[in-house]
Structure formats: structure tokens, C-alpha cells
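A.B. asks: Structure incoming, see below.
Rule-based calculations on the coordinates, nothing more; no lab input. The structure presented is a predicted model; accordingly, all values stated were derived computationally and were not measured. Here the Cβ is made from the backbone with ideal geometry for all residues, glycine too, and neighbour counts use every protein chain on show.
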């Protein structure tokens, strides 16, 4: 994964980038380019079908897309999102996390709670120091 400088290069390698038909100020996105590794793209599509049955966030993403685009186009979008998440996991040196956004939200809430606890403990500590001075 280190051979790709950014996600766009990885998406291009997998062929999961939309083609573009531009004329003047009009930009139209078309079907996926399919320029890239067919085998990797096929495996990603199969993994995406499996992932939507396991990962709630990907399933929600899929279900929001397929009424407008159809199931096949929606699963390609899920595959693209999945390869981005896989790349992120490799770059961080971590395992893939199911429901990553929920995990991030929970960690954020835990940090906020620990900050609040730290502030309360600081206030208690300061109050005890003031009471120790007044007792002396």
C-alpha cells in the first residue's frame, strides 16, 4: 500500500474511479474506468457484498444509495469506500475496525468525559489545598 501516495492513486489502480466526460463548463461523471487490476476489482466487489452484511455503516451507506443507483452501482461505491478504509488501516498499522465512525464517536465522548473528570478533580484538589491552608 505504500506504493500509492494517496487514495486517488489506489482507486485508479483498482479501476474504481468514475470516467469523466467534460465539455466547456459541463462535467459529467460516467461509469467506472475499469483501468486497473481486474482481479483486485472483482475481489473488492465480492468483499463489499460481504462487508455490507457485517459492517452497519457500510450497510447504511449501501441502503442509502441503491434506491437511486441500483444495487450494482451501489456495491461499487461500497467497494471504493472499503478499499479506502483498508488503506487507512494499513497506513495506521491497525486492524480494520468494524463500525469505525461509531468507535471514533465513542473515543471522542470518552475523551470529553475524561476532560470533565480531570477538571472536577482539579477543582477538588484546589479546594482541598485552600482548606489545608486555612486550617494551618
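A.B. asks: In which sequence would 64, 12, 23 go, from the one with the fewest C-beta neighbours within 10 Å to the one with the most?
C.D. replies: Listed from fewest to most nearby Cβ atoms, that is 23, 64, 12.
A.B. asks: Quick one: in the range 1-99, what % of C-alpha pairs are over 20 Å apart?
C.D. replies: Percent of Cα pairs beyond 20 Å in the range 1-99: 41.
A.B. asks: Exposure proxy check: 57, 25 ranked by fewest other beta carbons within 10 Å?
C.D. replies: Starting with the residue having the fewest Cβ neighbours, the order is 25, 57.
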